[in-house]
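*Asks:* Before I ask anything, here is the structure I am working with.
The values are calculated or read from the model by the stated rules, or taken from the named source; none is laboratory data. What you see is a predicted model; the values in this text were computed from it and never measured. Cβ placement follows ideal geometry from the backbone for every residue including glycine, while neighbour counts extend to all protein chains displayed.
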C-alpha cells in the first residue's frame, strides 16, 4: 500500500510549498502522513458535505485548494463546526491536505491551466512575486584540504540543482602569496613569496543557501584569508508569480470574446466593465485578483479576468480604460479539481503508484445562486 507521504511528495512536485505566500497556510492540515492511502478526493473546499463524499468513496486523503485551517485555532472541540469536522476526520482516519497560493503560482498550476483554455500565445507572468537564482562560488584550496572543504560545503547543500546534488568542479594549479609581518599563514613563510599546490574549486549555490554555504566555507577553510569569488548566474534565474498575461492568436471583438469566456469556463453569468471593443492582449488571475488591475493595464492588457471585484476596484478599471471581467472566485477555482486529478495521475504513473485512485469532487461549494 501507498502512504500519504508519497502522495504529498507528488503534490510537492506539482505545487512546491516554497511558492506559497507568507500569509497562507498550505500543506498538511490534519492527519498522519504515514497512514496508508488507496483513494484520494480532490475538492475546492472542505466542509461536511465534502467529508460525507469522501466517506462514500472510501477516501483516506482529501486534497483541497482552500485551506480549512487558515487562522490560529485556540481549542479543538465538538461545540463548533471546525472542531467537529477535525474530530470526524481523525475518527475516520482521513487526512486533509491543502495546496493554495503555491498551486496558483506554480508552473503548470491553476493560472497556467486557466489561460491555456483560451486561444493564446506568448504567455508570461502578470506579476512576479518570487524569484530564484544561482551563484557560482569559486575558491582555492591547498591540495591536502580539498576533500574536507568540498564535503563541508556539500553538506550545506552547495552543488544542488534540480535533480542533482554534489555538483562541482576542481582543477590543479599553483597559488602564490607573501605573508606580511602580522600574518599567521597556514602554509609558507612570512616575508617571502611562497608557491603552493592548490585546487581551484567551483560549485553552484542557490541564492537561499548562499549565506550558510559561505559561512561554512570560511569556517573550514584552512587559510587565514581564503580567496573566494561569487558569480551571479543570470542564465539560471527563474521567476514565479501570480496571474498570467498572453496575446490572443487573433484579434477579437469584445462581445464574441465574452461569449467565449462564459462557454470556456462554464459560467452562468459574468460581471463586465466595458471599455475598448478590440482585444488582442488578455490578462488573468484566479480567485481574488483585483489588486492586479493596474499591473494588467501597465502590461498592455486589453481585458483582465479575475474574481471578487469590488465596486471601487471596478471603477479603477473604468478610469484606466481596460475591460474587466469578474468571472467569480468559484468560477475560476473550480477547475482545481480536474487540474489536480490530471496532474496527480500523471505524476503517480511515473512513480509507479498506479494503484491510487484520484476522484474529483462532484460537489458545488459555491455559496451563491443566481436567479
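*Asks:* Considering only residues that are out of contact with any strand residue (DSSP E or B) (no Cβ under 7 Å at 6 or more places or on another chain) and assigned to a strand (DSSP E or B), look in region 219-263 and name the one that is nearest to residue 323 (Cα to Cα).
*Replies:* For region 219-263, the residue satisfying everything is 250.
Conditions tested, residue by residue: (1) surrounded by 17 or more Cβ atoms within 10 Å (Cβ to Cβ); (2) more than 30 Å from residue 238 (Cβ to Cβ); (3) modelled with pLDDT of 95 or more; (4) more than 22 Å from the chain's Cα centre (by Cα).
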position	(1), (2), (3), (4)
39	no, yes, yes, yes
53	yes, yes, yes, yes
62	yes, yes, yes, no
68	yes, yes, yes, no
111	yes, no, yes, no
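A quick yes/no check of all residues on (1) part of a loop (DSSP other than H, G, I, E, B); (2) surrounded by fewer than 14 Cβ atoms within 10 Å (Cβ to Cβ); (3) in the same structural domain as residue 143 (by TED's automatic domain parsing):
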residue	(1), (2), (3)
174	no, yes, yes
181	yes, yes, yes
184	yes, yes, yes
187	yes, no, yes
205	no, no, yes
217	no, no, yes
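*Asks:* Could you check, for region 146-153, whether at least one of its residues is at pLDDT 95 or above, more than 30 Å from residue 220 (Cα to Cα) and surrounded by 21 or more Cβ atoms within 10 Å (Cβ to Cβ)? Steps first, please.
*Replies:* So the first thing to find is which residues in region 146-153 are at pLDDT 95 or above, and the list is 146-153.
Now restrict to residues that are more than 30 Å from residue 220 (Cα to Cα): none.
Checked against the condition, which is being at pLDDT 95 or above, more than 30 Å from residue 220 (Cα to Cα) and surrounded by 21 or more Cβ atoms within 10 Å (Cβ to Cβ), region 146-153 yields no hits at all.
*Asks:* Taking residue 123 as the residue in question, decide whether it is surrounded by fewer than 18 Cβ atoms within 10 Å (Cβ to Cβ), touching a helix residue (DSSP H, G or I) at 6+ places or on another chain (Cβ under 8 Å), closer than 28 Å to residue 10 by Cβ and modelled with pLDDT of 95 or more.
*Replies:* On the way: surrounded by fewer than 18 Cβ atoms within 10 Å (Cβ to Cβ): yes; touching a helix residue (DSSP H, G or I) at 6+ places or on another chain (Cβ under 8 Å): yes; closer than 28 Å to residue 10 by Cβ: yes; modelled with pLDDT of 95 or more: yes.
Judged against the criteria, residue 123 is a match.
*Asks:* Looking at 305, 340, can you tell me which residue is at pLDDT 95 or above, touching a strand residue (DSSP E or B) at 6+ places or on another chain (Cβ under 7 Å), closer than 24 Å to residue 106 by Cα and not assigned by TED's automatic domain parsing to the domain that holds residue 40?
*Replies:* On inspection, the qualifying residue turns out to be 305.
*Asks:* Right, next: Restrict the check to region 323-335 and report whether at least one residue is free of Cβ contacts under 8 Å to residues at least 40 places away in the same chain, surrounded by fewer than 20 Cβ atoms within 10 Å (Cβ to Cβ) and farther than 18 Å from residue 120 by Cα.
*Replies:* If we filter region 323-335 for residues that are free of Cβ contacts under 8 Å to residues at least 40 places away in the same chain, which is where we start, we get none.
No - not one qualifying residue is present in region 323-335.
*Asks:* Of 294, 345, which residue is in a helix (DSSP H, G or I) and farther than 22 Å from residue 9 by Cβ?
*Replies:* Values: 345 fails: farther than 22 Å from residue 9 by Cβ.
Going through 294, 345 in turn, just one is in a helix (DSSP H, G or I) and farther than 22 Å from residue 9 by Cβ: 294.
*Asks:* Shifting gears a bit: Restricting to region 102-133, count the residues that are in contact (Cβ under 8 Å) with a residue 24 or more places away in the chain and outside any helix (DSSP H, G or I). It would help to see each step written out before you state the result.
*Replies:* Residues of region 102-133 in contact (Cβ under 8 Å) with a residue 24 or more places away in the chain: 102-115, 117-133.
Cutting the leftovers down to outside any helix (DSSP H, G or I) gives us 106-109, 117-133.
Summing the residues that are in contact (Cβ under 8 Å) with a residue 24 or more places away in the chain and outside any helix (DSSP H, G or I) in region 102-133 gives 21.
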